[in-house]
Amino acid sequence: MIEEQEIDLLLNDLFDIYGYDFTSYSKASLKRRIIRLCSLDKFPSFAELRYRVRTDPTYLKRFVEEITVNVTEMFRDPSFYKSLREDILPVLGTKPFIRIWHAGCSTGEEVYSMAILLKEANLLRKSLLYATDLNPSVLEKVRKGIFPLTQMKQYSESYIASGGTHDFSSYYTANYGQAKFNSDLSEKIIISTHNLVSDSSFNEFDLILCRNVLIYFDKDLQDRVLKLFDASLGPLGYLALGTKETLKFSAVQNKFRQLNREKIWKKMM
Amino acid sequence: MEKNDVTRPCGILLIGGSAGSLEVLFKLLPRLKPDLSFPIVLVLHRRSSSDSSLTDLLSSKTTNITREVDDKDPVTPGIIYLAPADYHLLLEQGHYFSLDYSEKVNFSRPSIDVTFESAADVYASSTVGILLSGANEDGTEGLIAIKKAGGRTIAQDPATAQMPFMPHHAITHSEVDHVFDLTQLAAFVNSLVGARSDR
């Protein structure tokens, strides 16, 4: 059994040696991930995991990848995407240029979903999608735009439920069990590492999507990140969170108004 | 060292269920006392699309407040919480919830094991876990964790379960304290007394 104090020691190491700050992550989830990694990589004790992390920078890469959650899917919560189609894109479409930030994008399934929406609304050519994550390796997957073919049936159903009327399979080429998404989608995606904990605002956006990322942060860090989003949104910009996340009770709640039943807020001031 | 069941405080009551468990809850919830002195957390396997109608349905069966958990909600006695669809539900040391969208466990998200283990970590011996009907192995590891932390574990009598596999698996692979039918379950839950010390 791993004690809270041991986890704190490990987190301090990560910050002192590598500058990764996980100290404000939700402890229960972090602990589960660390126990899982200990058994996955067959460490006989927690001390040996800690030693390996301290001394082996290549293992650090795996460690960060595994303790952060990189599960995502295309068109998750179709009603959310329907609202983007019907309520948000028509407003963004009036702008000469559209900047969208997918913060904590993981392997990029949501970024490609967004690119498809923009393409169908005839807005892709004047849009840029910034996809950021703290893991360089997941960003490599975003760059490639290759996802498992086995998922496509479900993604196609979600796409249709989101109001999609095209043949979903026209957006990718199937090969060797993989679906490679078309390059006209990926060429509008700008990829960069960005750590929401330690990095600051880097542009002004019309829409920021950060869905199911804040759940891994404690309340204080959530507040800090929401302030970062506030600082990164232009006037009347939109912020989209996961279905169980909220701006309510946060430091920025008075500056935003929730649009509808979906977790989309508009910046009012 | 085992304290009498009646006087041992209950910091949190967890109820896990899969196929066939809703019917049990629909009968159990109306029999529970109003103003429960402990929180109840329901972890049910359900379709991944979030349908908040399940909360309404459960809510109609009890006078206790019933709500689906939002991220970082505090855990408050007297409230019946439902794990949201397609998230794992975790408990934090400060007695609040957090959500997690990591890989499925036992083909399930929410997984009963994940919530039970996490709650046992926080509520230790004041944890009470009940496992209802289901056709899956989920829940057994969670009950083992609760037991190990000094808490109490109950399985629905498989003979009364629409899907006996899940409680049966728990009974044969862990040491559950009690095997109860619906009437016994209701009496047991109504005999539980909240832990005041943690407030």
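When region B:149-160 is filtered for residues that are over 24 Å from B:Pro77 (Cα atoms) and either out of contact with any His (no Cβ under 9 Å at 6 or more places or on another chain) or buried (at least 20 other Cβ atoms within 10 Å of the Cβ) (or both), the ones remaining, listed by number, are B:Asp157, B:Ala159, B:Thr160.
What are the residues in region A:21-43 that are more than 12 Å from chain B (Cβ to nearest Cβ), of a type in the set (S, T, N, Q) and part of a helix (DSSP H, G or I), if any? Result: A:Ser39, single match. When B:Thr76, B:Thr140, B:Thr55 are screened for being surrounded by fewer than 21 Cβ atoms within 10 Å (Cβ to Cβ), away from every other protein chain (no Cβ under 14 Å) and hydroxyl-bearing (Ser, Thr, Tyr), only B:Thr76 passes.
Conditions (1) more than 9 Å from chain A (Cβ to nearest Cβ); (2) touching a strand residue (DSSP E or B) at 6+ places or on another chain (Cβ under 9 Å); (3) β-branched (Val, Ile, Thr); (4) in a strand (DSSP E or B), marked per residue:
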{"site": "B:Lys72", "(1), (2), (3), (4)": "no, yes, no, no"}
{"site": "B:Ile80", "(1), (2), (3), (4)": "yes, yes, yes, yes"}
{"site": "B:Gln93", "(1), (2), (3), (4)": "no, no, no, no"}
{"site": "B:Leu99", "(1), (2), (3), (4)": "no, yes, no, yes"}
{"site": "B:Thr115", "(1), (2), (3), (4)": "yes, yes, yes, no"}
{"site": "B:Ala119", "(1), (2), (3), (4)": "yes, yes, no, no"}
{"site": "B:Ser125", "(1), (2), (3), (4)": "yes, yes, no, no"}
{"site": "B:Val128", "(1), (2), (3), (4)": "yes, yes, yes, yes"}
{"site": "B:Ala145", "(1), (2), (3), (4)": "yes, yes, no, no"}
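Just give me the residues in region A:160-183 being part of a loop (DSSP other than H, G, I, E, B) and surrounded by 12 or more Cβ atoms within 10 Å (Cβ to Cβ), in sequence order. Working first, answer last.
Filtering region A:160-183 for residues part of a loop (DSSP other than H, G, I, E, B) gives A:162-167, A:176-177, A:182.
Of everything in region A:160-183, those that are part of a loop (DSSP other than H, G, I, E, B) and surrounded by 12 or more Cβ atoms within 10 Å (Cβ to Cβ) turn out to be A:Ser162, A:Gly163, A:Gly164, A:His166, A:Asn182.
Checking the stated criteria, A:Leu209 turns out to be touching a residue at least 60 places away in the same chain (Cβ under 8 Å), away from chain B (no Cβ under 14 Å), assigned to a strand (DSSP E or B) and under 29 Å from B:Leu99 (Cβ atoms).
So for region A:213-233 (the condition being farther than 29 Å from B:Glu92 by Cβ and either outside any helix (DSSP H, G or I) or touching an Asp or Glu at 6+ places or on another chain (Cβ under 6 Å) (or both)), does at least one residue qualify? It would help to see each step written out before you state the result.
Filtering region A:213-233 down to residues farther than 29 Å from B:Glu92 by Cβ leaves A:233.
Filter once more, keeping what is either outside any helix (DSSP H, G or I) or touching an Asp or Glu at 6+ places or on another chain (Cβ under 6 Å) (or both): A:233.
So far as region A:213-233 goes, yes, one or more of its residues are farther than 29 Å from B:Glu92 by Cβ and either outside any helix (DSSP H, G or I) or touching an Asp or Glu at 6+ places or on another chain (Cβ under 6 Å) (or both).
Name the single residue, out of those in region A:90-114 being in a loop (DSSP other than H, G, I, E, B) and crowded, with 21+ Cβ neighbours inside 10 Å, that is farthest from the other protein chains (Cβ to nearest Cβ). Give the steps one after another, and end with the answer.
Within region A:90-114, the subset in a loop (DSSP other than H, G, I, E, B) is A:93-97, A:104-108.
So of that shortlist, the ones also crowded, with 21+ Cβ neighbours inside 10 Å come out as A:104-108.
Numbers: A:Gly104: 11, A:Cys105: 14, A:Ser106: 10, A:Thr107: 13, A:Gly108: 16 Å.
Across region A:90-114, the extreme among qualifying residues is A:Gly108.
None of A:Phe80, A:Phe46 is touching a Cys at 6+ places or on another chain (Cβ under 8 Å), touching a residue at least 12 places away in the same chain (Cβ under 8 Å) and either among the hydrophobic types (A, V, I, L, M, F, W, C) or in the same structural domain as A:Asn182 (by TED's automatic domain parsing) (or both) except A:Phe46. Being modelled with pLDDT under 95 and in the same structural domain as A:Ala103 (by TED's automatic domain parsing) holds for only one residue in A:Ala240, A:Ala231, A:Ala251, and it is A:Ala251.
Can we say A:Phe249 is surrounded by fewer than 16 Cβ atoms within 10 Å (Cβ to Cβ), in contact with a helix residue (DSSP H, G or I) (Cβ under 8 Å, 6 or more places away or on another chain) and part of a loop (DSSP other than H, G, I, E, B)? Against the criterion (surrounded by fewer than 16 Cβ atoms within 10 Å (Cβ to Cβ), in contact with a helix residue (DSSP H, G or I) (Cβ under 8 Å, 6 or more places away or on another chain) and part of a loop (DSSP other than H, G, I, E, B)), A:Phe249 does not qualify. Whenever a residue of region A:243-269 is free of Cβ contacts under 8 Å to residues at least 40 places away in the same chain, its partners that are β-branched (Val, Ile, Thr) and assigned to a strand (DSSP E or B), lying with C-beta atoms within less than 8 angstrom and at least six residues away or across chains, give the pairs A:Gln258/A:Ile264. Considering only residues in region B:82-91 that are in contact with an Asp or Glu (Cβ under 7 Å, 6 or more places away or on another chain) and facing chain A (nearest Cβ under 7 Å), the one that is farthest from B:Ile40 (Cα to Cα) turns out to be B:Tyr87. When the residues of region A:49-89 are filtered to those that are hydroxyl-bearing (Ser, Thr, Tyr) and more than 10 Å from chain B (Cβ to nearest Cβ), the one that is nearest to the chain's Cα centre (by Cα) is A:Tyr81.
The values are calculated or read from the model by the stated rules, or taken from the named source; none is laboratory data. Computed from a predicted model, the values in this text were never measured in an experiment. Neighbour counts run over all protein chains shown; Cβ positions are idealised from the backbone, glycine included.
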